[in-house]
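The values are calculated or read from the model by the stated rules, or taken from the named source; none is laboratory data. The shown structure was predicted, so the numbers you read here are calculated from the model rather than taken from an experiment. In this analysis, Cβ positions are derived from the backbone assuming ideal geometry, glycine residues included, and neighbour counts consider all displayed protein chains.
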Amino acid sequence: MILAQGWKDYEIIDTGNGEKLERWGKYILRRPDPQVIWPTQKESLWGKVDAYYHRSKSGGGSWEFFGKLPEKWSISYGNLKFYVQPTGFKHTGLFPEQAVNWDWMNEKIKNSKRQIRVLNLFAYSGGATVACANAGADVCHIDASKGMVARAKENLALSSLSDKKVRLIVDDVFKFVEREKRRGSKYEAIIMDPPSYGRGANGEVWNIENSLYSLILNCMQILSDKPLFFLVNSYTTGLSANVISNMITLTLGKKFKGRIYCDELGLPITGSDVILPCGNFARWEE
């Protein structure tokens, strides 16, 4: 497991009983996490929160706010900055464990000594987009959510990257990749962070088990002849890192010489030996 340990503006204070207690900048949030099936270790800290997401027995849930929590606020990771905002279905608009991949992409792009074109699919609020643009890459950011694409634009501006060559597009990823194939577009790097289930901009249905392999195959056709990297993230608990790695081995691994690596991402819990698992990834690199 690789841990995102470089944060100063984020930490997990404690976990227990299906929940996690987090600090985002100066604000403390309490959110559910189904993987936390152990008891709390710092019970006295759990009452001191700025917002608490209560899960409903019927599905979903709602936020309860305490004090004067702003609608959104910013946090930093090195010289990268992102807005945090409690949204529906417990999210905040950022996945801090992905800092591991941001660091890796930054190093790969800067060390390539050539201009890199990155395609970021299911790009959400643009964590990877901001990281790649900051490293000097041209980025094409695709997500089906208009609101998340707008947030990505705000995050680029917050990190003083609005002048970088970044295209922000609201679209279904399959349809976009098909159009790029017809246009003959090529990318040196492709990132995808697919949900377990989802819908495209016009109601297209996405199911990761049924669709991921096909998407990887399609993306191979818009990869440059000299690709730099290909990264697939997954938060789907039934999809192990090795399963994703097998898909990459059977596609990119048959065409390009390079290294294939897979692992689990995790976040440390302050003052504890407990690690919170946060998803899997597999990547091919030059």
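Hey, could you check region 1-20 for residues that are part of a loop (DSSP other than H, G, I, E, B) and not basic (Lys, Arg) and say which is nearest to Gly271 (Cα to Cα)?
If we take residues in region 1-20 being part of a loop (DSSP other than H, G, I, E, B) and not basic (Lys, Arg), then Gln5 is nearest to Gly271 (Cα to Cα).
Give the residue, chosen from Asp143, Asp172, Asp163, that is of a type outside the set (S, T, N, Q) and either buried (at least 22 other Cβ atoms within 10 Å of the Cβ) or in contact (Cβ under 8 Å) with a residue 60 or more places away in the chain (or both).
Matching residue, one of Asp143, Asp172, Asp163: Asp143.
Confirm whether Glu188 is buried (at least 16 other Cβ atoms within 10 Å of the Cβ), more than 21 Å from the chain's Cα centre (by Cα) and touching a residue at least 40 places away in the same chain (Cβ under 8 Å). Full working, then the answer.
Numbers: buried (at least 16 other Cβ atoms within 10 Å of the Cβ): yes; more than 21 Å from the chain's Cα centre (by Cα): no; touching a residue at least 40 places away in the same chain (Cβ under 8 Å): yes.
When the stated conditions are applied, Glu188 does not pass them.
Any idea which of (1) at pLDDT 95 or above; (2) exposed (fewer than 15 other Cβ atoms within 10 Å of the Cβ) is the one Gly88 doesn't satisfy?
(1)
Considering only region 227-261, state which residues are buried (at least 16 other Cβ atoms within 10 Å of the Cβ) and under 23 Å from Val36 (Cα atoms).
Of everything in region 227-261, those that are buried (at least 16 other Cβ atoms within 10 Å of the Cβ) and under 23 Å from Val36 (Cα atoms) turn out to be Asn233, Ser234, Tyr235, Thr236, Leu239, Ala241.
From the list Leu212, Leu217, exactly one residue is surrounded by fewer than 18 Cβ atoms within 10 Å (Cβ to Cβ), over 23 Å from Ser112 (Cα atoms) and either in contact (Cβ under 8 Å) with a residue 24 or more places away in the chain or among the hydroxyl-bearing types (Ser, Thr, Tyr) (or both). Which is it?
Just a single option satisfies the conditions, and that option is Leu217.
Does Ile269 satisfy the criteria of being of a type in the set (A, V, I, L, M), surrounded by 15 or more Cβ atoms within 10 Å (Cβ to Cβ) and more than 25 Å from Ile12 (Cα to Cα)?
Answer is no for this residue.
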